[in-house]
Amino acid sequence: MKNDPLFDGLSIALARNDLILRGGFNFDAGDIPPPGPSGAPAKAVLLIGQAGRAPWPHFEAWRAKQPPGIENPLDDWAREIIGATAEEFGARAVSPSDQPYLPFQQWAMRAEGLKPSPLGILMHPQYGLWHAYRGALLFDDVLIFPTPRQAIHLCDSCVEKPCLNACPVNAFLDEGFAHGACLAHVRGSAGAACRDSGCLARNACPFGNAFRYTAREQAFHMRAFMR
Ligand code: B12
Ligand code: SF4
Ligand code: SF4
């Protein structure tokens, strides 16, 4: 996406906060797209997110200037930055926390050819499990995207799957994530390791080490999850 002036401009604007473009696509006839900036169904979506811990210091600097007690500071920070970027580039911004929830992971699978790990988090060939989506831009016009490629799915060649042996309550079941069992453990007296430095299963994955979030950032996400 590097050669297109729109994508270049967006990348430069987002780089001020170490956020990155995470690919996109034009909606097709089988989709029910959310509204674009005009209010008519959007024609294209472009995902914005983070690879590893890079945006965290920007967020912390922003947060230090806010009044205490904000309920969802990371969402507010991302909405502020991505909202301003949308305005500058004629798009409508949406957030992964907007309700009803938008299908961010399905969009990401289409945009970047990623597949889910056994944990539910999408596996990235370079970032491993250490990446997230902070927003998306919806456009009224179709955009020209590079031909999408299926990314290498590292979980396919990971024989021992250490992620599946690391959770003290075996929260990763064939039926899906055992949210209640995880929550009870993380909130309980035995859950200090998950609480203080992040999900043991996510941390057991050997890939994307250079992108691993700091313990402080992981504890922040865990506190939000525990509420
Ligand atoms: C609700 C939600 C949850 C619920 C899931 C409840 C449930 N059983 O559905 C709970 C609270 C359990 C959850 C937890 C986590 N989540 Co969550 N969650 C969401 C949210 C806000 C909505 C999901 C949804 O319903 N979407 C609507 C449907 C229609 O869209 P979809 O693309 O088809 O949804 C897919 C996901 O729901 C996925 N899924 C279903 N169950 C679970 C459970 C987990 C743990 C994950 C990661 C995915 C997942 O399967 C769907 C099919 O592809 C999304 C953001 C979003 N808008 O999608 C983030 C999102 C899926 N979560 C994310 C993450 C990282 C997590 C956590 C790992 C960390 C965290 N943020 O706390 C934790 C896991 C807790 C832990 N022990 O570490 C990321 C995943 C990023 C990635 N790299 O893939 C997302 C995309 C948010 C983001 N900002 O990037 N989450
Ligand atoms: S430990 Fe293996 S199976 Fe689990 S997420 Fe990492 S690569 Fe995938
Ligand atoms: S946070 Fe802890 S209890 Fe929850 S899924 Fe991860 S390892 Fe299991």
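Observations on the structure shown:
- Shape class for the chain: prolate, because the ratio a/c of the largest to smallest gyration tensor axis (alpha-carbon atoms, square roots of eigenvalues) is 1.5 or more and a/b beats b/c.
- Ordered by solvent-accessible area of protein heavy atoms (1.4 Å probe), largest first, the residues E60, E88 come out as E88, E60.
- Sorting 206-214, 142-150, 5-13, 79-87 by their mean Cβ neighbour count within 10 Å, with the most densely packed peptide first, gives 79-87, 206-214, 5-13, 142-150.
- Dipole moment magnitude, nearest 20 debye, the chain about Cα centre, only Lys, Arg, Asp, Glu C-beta charged: 640
- Gyration tensor verdict on region 73-170 (Cα atoms; rounded if a/c is under 1.5, prolate if a/b is larger than b/c, oblate otherwise): oblate
- Computed FRET value (nearest 0.05) for A193 with K115, which takes r as the C-beta separation and R₀ as 22 Å: 0.20
- Packing-based order for 100-110, 191-201, using average beta carbon neighbours within 10 Å, highest first: 191-201, 100-110
- Accessible area per residue, Å², the chain with all protein chains present, probe 1.4 Å: 53
- Around P57: net Lys/Arg minus Asp/Glu count, Cβ-Cβ under 14 Å: +2
- Packing-based order for 38-51, 126-139, using average beta carbon neighbours within 10 Å, highest first: 126-139, 38-51
- The chain: DSSP helices with Cα axial extent of at least 18 Å and average Kyte-Doolittle hydropathy no lower than -1.0: 73-89
- Part-to-part distance (alpha-carbon centres) for region 74-95 and region 98-123, which is given in Å: 20
- Shape of region 153-227, Cα gyration tensor, a/c cut at 1.5: oblate
The values are calculated or read from the model by the stated rules, or taken from the named source; none is laboratory data. All figures in this text were calculated on a predicted structure; none of them were measured in a lab. Note: ideal-geometry Cβ built from the backbone for every residue, glycine included; neighbour counts use all protein chains shown. Each accessible area value is taken on the protein alone, full model and side chains, heavy atoms only, with ligands, DNA and RNA left out. Shrake-Rupley method; radii C 1.70, N 1.55, O 1.52, S 1.80 Å.
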